[in-house]
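This report concerns only the one structure given below.
The values are calculated or read from the model by the stated rules, or taken from the named source; none is laboratory data. Computed from a predicted structure; not experimentally measured. Here the Cβ is made from the backbone with ideal geometry for all residues, glycine too, and neighbour counts use every protein chain on show.
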Amino acid sequence: MILYQSCYYKAFTMSLSTADVQKVARLARLAMNNTEIEAARTQLSGIFELIEEMQAVDTSGIEPMSHAQDLSQRLREDRVTETDQRELFQSIAPQVEAGLYLVPQVIE
């Protein structure tokens, strides 16, 4: 675990109340006892504090990235490598009509 001291002043800290966590638990259909609710409240409040700390960092002038490492993926040439076996597959299918496979109705 890495501990660090924030150099930014937190003007507003969002902390959750026990009622907030109970409401979220009810909406998520989670059965939580008081000990679990308090543990979740502490963890969620810590996450919100970390988010606030990250939002305080000045990111102006930093270009957005799609990935942390500047890599490009090697791609193969897009070409057909197999022969067309549609007629063979349709010849062994139980039911075919107008080039489509017929299957039993599942949803009424």
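Things to note:
Residue-by-condition table, conditions (1) among the charged types (D, E, K, R); (2) loosely packed, with under 10 Cβ neighbours inside 10 Å; (3) at pLDDT 85 or above:
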residue: 25; (1), (2), (3): no, no, yes
residue: 38; (1), (2), (3): yes, no, yes
residue: 41; (1), (2), (3): yes, no, yes
residue: 46; (1), (2), (3): no, no, yes
residue: 71; (1), (2), (3): no, yes, no
residue: 89; (1), (2), (3): no, no, yes
residue: 93; (1), (2), (3): no, no, yes
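- Complete set of residues in segment 38-93 that are assigned to a helix (DSSP H, G or I) and either in contact with a His (Cβ under 6 Å, 6 or more places away or on another chain) or small (Gly, Ala, Ser) (or both): 39, 40, 45, 46, 91
- The set of residues in segment 31-88 being of a type in the set (D, E, K, R), within 17 Å of residue 17 (Cα to Cα) and in contact (Cβ under 8 Å) with a residue 12 or more places away in the chain consists of 38, 41, 49.
- Residue check, residue 15 outside any helix (DSSP H, G or I), surrounded by 10 or more Cβ atoms within 10 Å (Cβ to Cβ), at negative phi and not hydrophobic (A, V, I, L, M, F, W, C): yes
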